[in-house]
Amino acid sequence: MNTDWILHEPLVLLDSEDHPYLESARGKIGVHEVAVHLAGDWRRQEYYPEFRVFLDGTRVFEWGDPSPSEDWFALCHQLGYKPHQHWDWDPALILFQQVIPALAIHWHHVPLPYGPAGVPEDVTCLATLRTSLADWVARLQRTNQNPSDELMALLFEKLPLRSVILHDDPESRMDFVGNPLDAPYMGEFLYLGEHRATAAVLSRMTFSGTGGMRWSPWLAGGEWSQQGREFTATQSAKHFLRAASLPDSMPEGFEQAFKRTLESLGRFMEPLVEAYLETYTTGIAWHRDPSTRYVNHMVVVARREQGQTILVLDDGSELLVRDHHRVPLAAVSGL
């Protein structure tokens, strides 16, 4: 995982208190102040710490929360976090694995109450999905019965989860073979592998009112082949082997086992991805229900382009208003 500092502004440590039962620190990121307080008894084998994080005086996380609050997500996007660019990070990881350790650099007594995923217990984020997938792979390794099973376990051992991309692009809605879609299309994409350029992808898409399709090794819209001038709509078992830097020769029965394993992996990951979506509060133009995609957002800019009205919302997404639903600019002036 790329460990470079993600936010456009560095963290400047203002002060830090190091006590046996109470740790605290304050820092600034640009014009914003971040503070963290941790109380607990390190001598107890199990203790329930008071762990709180504040942004500009407002609490954005408390021990037991499933995720930082919307204010933290908004700050990350304000300071340059972009899901498609920083594909192996999310705002929760930025807080717990970059900002908090930098604030706690002088603490010695009470350890950060992080679990095996490297984030606080009960938090759902990219790190917890990675840990869950690693546990699934460990179980897969214990069920080796033949050469196909052995290669399958090795394959997914070399394909760690790098990113969960949530996608709803109204300008490029296509099915898996590249045909345009009239219905709202939303996709969930799991990128597996060490390198983004060669990652294997497990994904599914949903249509409004029809529920979700099965998880499959598909790329949205397929891949355009200049030589054959056709869409390659799926990733094969050989593509996964190459993404894992393994030879693409397969023992007998491997392709059938590969299909069964992907179906099992999809069933395992789906509730985890759904829980992840519940915590991913803002900053992405993706919602499971298209009718609520723009609810609770404010129009900040209205402009005309090629005879169409475009509304820019406060999360940065743009809404094209069709001619028959045109909103007069005067109606939104001053917003």
Looking at Arg267, is it modelled with pLDDT of 80 or more and more than 22 Å from the chain's Cα centre (by Cα)?
-> no
Scan the range 279-296 and give yes if some residue there is at pLDDT 80 or above and either in a helix (DSSP H, G or I) or within 30 Å of Arg196 (Cβ to Cβ) (or both), otherwise no.
-> yes
Options Gly253, Gly228, Gly193: the member that is more than 25 Å from Leu126 (Cα to Cα) and either at pLDDT 70 or above or aromatic (Phe, Trp, Tyr) (or both) | Gly253
Taking the stated definitions as given, is Leu133 among the aliphatic types (A, V, I, L, M), assigned by TED's automatic domain parsing to the domain that holds Gly253, over 17 Å from the mean Cα position of the chain (by Cα) and under 25 Å from Thr198 (Cα atoms)?
-> no
Reported set for the range 155-190 where residues are surrounded by 16 or more Cβ atoms within 10 Å (Cβ to Cβ), over 18 Å from the mean Cα position of the chain (by Cα) and either modelled with pLDDT of 85 or more or among the basic types (Lys, Arg) (or both) is Leu155, Phe156, Lys158, Arg173
Test for Ala104: is it touching a Cys at 6+ places or on another chain (Cβ under 8 Å), over 17 Å from Glu9 (Cβ atoms) and in contact (Cβ under 8 Å) with a residue 60 or more places away in the chain = no
Do we find a residue being at pLDDT below 95, β-branched (Val, Ile, Thr), exposed (fewer than 15 other Cβ atoms within 10 Å of the Cβ) and not assigned by TED's automatic domain parsing to the domain that holds His108 anywhere in the range 3-19?
-> yes
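Residues are listed down the side, and each one gets a yes or a no for (1) crowded, with 19+ Cβ neighbours inside 10 Å; (2) aliphatic (A, V, I, L, M); (3) closer than 23 Å to Glu194 by Cα:
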{"site": "Pro68", "(1), (2), (3)": "yes, no, no"}
{"site": "Gly80", "(1), (2), (3)": "no, no, no"}
{"site": "Val110", "(1), (2), (3)": "yes, yes, no"}
{"site": "Tyr114", "(1), (2), (3)": "no, no, no"}
Looking at (1) surrounded by 17 or more Cβ atoms within 10 Å (Cβ to Cβ); (2) out of contact with any Pro (no Cβ under 9 Å at 6 or more places or on another chain), can you tell me which one Ile29 breaks?
-> (2)
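Results for (1) at pLDDT 90 or above; (2) loosely packed, with under 15 Cβ neighbours inside 10 Å, shown as yes or no for each residue.
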{"residue": "Trp42", "(1), (2)": "no, yes"}
{"residue": "Tyr48", "(1), (2)": "no, yes"}
{"residue": "Phe54", "(1), (2)": "yes, no"}
{"residue": "His77", "(1), (2)": "no, no"}
{"residue": "Gln85", "(1), (2)": "no, yes"}
{"residue": "Trp89", "(1), (2)": "yes, no"}
{"residue": "Val99", "(1), (2)": "yes, no"}
{"residue": "Ala102", "(1), (2)": "yes, no"}
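The values are calculated or read from the model by the stated rules, or taken from the named source; none is laboratory data. All values derive from a computational prediction rather than experimental measurement. Neighbour counts are summed over all protein chains in view; Cβ atoms, including those assigned to glycine, are modelled from backbone coordinates with ideal geometry.
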